[in-house]
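K.L.:
Got a structure for you, written out below as structure tokens; questions coming shortly.
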Amino acid sequence: MTKAILINLDYCTGCHSCEVACKKELGLPKGEFGIKVTEVGPFQYSEREAVKGKWEWTYSPVITNACDMCVARTEIGKMPMCVQHCQAWCMYYGEISDLVTKMDNKNRWALLTNKEA
């Protein structure tokens with residue numbers, strides 16, 4: 001079965017804790033990441049009535065090719081370091097089929113896996 005990381009994008013605060021924990025676990029040098037938090041915004045919507053006057057600032061953690069899903073940790077039943085250190089508790093690790101059941105139509109979700117998983 002394929003393992004993945006599920007992220008509730010509506011609750012990611014962009015704290016970068018996942019980045020720091022991953023870099024430390026993998027021993028990555030400056031400028032390299034196993035997971036990288038990207039951000040969009042801030043910007044204000046002005047045209048469509050449904051979102052007129054609202055602001056958006058979105059953070060989105062992205063897994064890079066350096067990510068190995070913390071195989072040494074997960075093989076002994078621990079969570080990947082990024083999931084364990086998520087300050088917003090918006091990251092989950094497990095089988096894709098199990099993670100999909102957590103997804104709802106109320107939040108924005110990202111289901112991430114790597115080539116090795």
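K.L.:
Suppose we flag chymotrypsin sites (Phe, Trp or Tyr not before Pro) only when DSSP calls them loop and at most 13 other Cβ atoms lie within 10 Å. Which is the longest uninterrupted stretch of the chain?
P.N.:
1-44
K.L.:
Under 15 Å between C-alpha atoms is the cut-off here; go through the chain and count lysine pairs that meet it, provided they're at least eight residues apart or on different chains.
P.N.:
Eligible lysine pairs with Cα atoms under 15 Å apart amount to 5.
K.L.:
Separate question: Under the rule that an exposed site lies in a DSSP loop and has at most 14 other Cβ atoms within 10 Å, name the longest stretch of the chain with no trypsin sites (Lys or Arg not before Pro) of that kind, not counting the sites themselves.
P.N.:
1-29
K.L.:
Could you list which residues have their amide H under 5 Å from that of Trp109, counting only those 5 or more apart in sequence or on another chain, with H placed in the peptide plane?
P.N.:
Amide H neighbours of Trp109: Leu9.
K.L.:
Let me ask you something else. I'd like to know how the chain sits against the 2.2 N^0.38 Å rule of thumb: what's its Cα Rg over that expected value?
P.N.:
Relative to the 2.2 N^0.38 Å estimate, the chain comes out at 1.15.
K.L.:
Are there GluC sites (Glu not before Pro) in the stretch 1-107 that DSSP puts in a loop and that have at most 15 other Cβ atoms within 10 Å, and which ones?
P.N.:
Filter output for the stretch 1-107: Glu32, Glu47, Glu49, Glu75.
K.L.:
Amide H to amide H, which residues 5 or more places from Val37 or on other chains are under 5 Å from it, using H placed in the peptide plane?
P.N.:
Val62
K.L.:
Using 0.36 nm per residue of separation minus the Cα-Cα distance, give me the extension gain between Met103 and His16 in nm, one decimal.
P.N.:
29.0 nm
Every read-out reported here was derived from the displayed coordinates using simple, explicitly stated rules and does not represent laboratory data. Quantities reported herein were computed from a predicted structural model and do not represent experimental measurements. Every residue, glycine among them, receives a Cβ derived from its backbone with ideal geometry; neighbour counts consider all protein chains shown.
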